[in-house]
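Computed from the coordinates by the stated procedures, all read-outs in this text should not be read as laboratory data. Predicted model, so just to flag it, every value in this text is computed and none were measured. Cβ: placed from backbone, ideal geometry, glycine included. Neighbour counts: every protein chain shown.
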Amino acid sequence: MPWYPGADRRYLTQYWDGGRWLILLTESALRLENTWIALDDIAEVAYWSRTYMSFGTPYYAPRPRVERAFSVTDVHGTVTTLAMNWPGYFDNDEKRVAFSGLVEISRRMIEPRITERILATLHRGEQFTVKDGWAYLSLHRDGMTARTLRTHQAAWSDFYTVDVNPYFNNMDPIELTGQARLWVTRGGKPHLMTGLTTMVPNAVVLGSLLPACARRFGAR
């Protein structure tokens, strides 16, 4: 497999793309291509994997195109993005393995750090907002406000569940679907409150952030 443990214990893991070490991870930093980013300096993270189908003709079969990328923004506003696209009839296994490894790194070592910082922000009485074009999800100590077609509000005690799936392709803002989807309880039944694309910075963090907020603020 292209992912290897660090033999000299300098790196926790590293990814070999056939010609170079494309990704390196230490206890405190991540390298994407030639750029090192301190884990504690990452303010935003985003990743997505979407498959687009073209229309076929009598002479050509439909050809899928995979758009896949991993992006981080540091506290200084510098954005580092590693694209792993594959325009072809079949997906590329090595690019898929590289992407899934970065998702695991994010969930274990990046998103928990961001979650704790956002929780501290909310605890101070400030708000945190994730914007997806004209739609948004805003969090505060008393609950959540989401706008898609209409604006909805919910208390933390109404939180039901959240699902973050960067591979989910059924994107439809009119139906409130997306790769990061939030459900709340209304009248004793779960309802989909909003859905955001994981291309939006920190939408993936909602998977760990929202349950943590419900635990911390829901019993107030």
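In this label model, SER157 and SER100 are separated by 4.2 nm, measuring between points 7 Å along each Cα→Cβ vector. For the chain, the longest principal axis of the C-alpha atoms and the axis of helix 111-123 are separated by about 20°. Per-residue ellipticity at 222 nm computed for the chain from its helices equals -5500 deg cm²/dmol, with DSSP H segments shorter than 4 residues left out and the rest contributing -39,500 (n - 2.57).
LYS131 to ASN34: extension gain in nm, 0.36 nm per residue of separation minus the Cα-Cα distance? Walk me through the numbers before you get to the answer.
Numbers: separation 97, 0.36 × 97 = 34.92 nm, distance 2.95 nm.
Roughly 32.0 nm would be gained on extension.
Set against the labelled values (1) 54; (2) 58; (3) 45, percent of Cα pairs over 25 Å apart computed from this structure falls on (3). Report, to the nearest 10°, how far helix 93-105 tilts away from the longest principal axis of the Cα atoms in the chain, using its own Cα long axis and a range of 0 to 90°. The angle comes out at about 40 degrees. Exposure proxy ranking for ARG108, ARG186, ARG181, based on other Cβ atoms within 10 angstrom of each Cβ and starting from the fewest, stands as ARG108, ARG186, ARG181.
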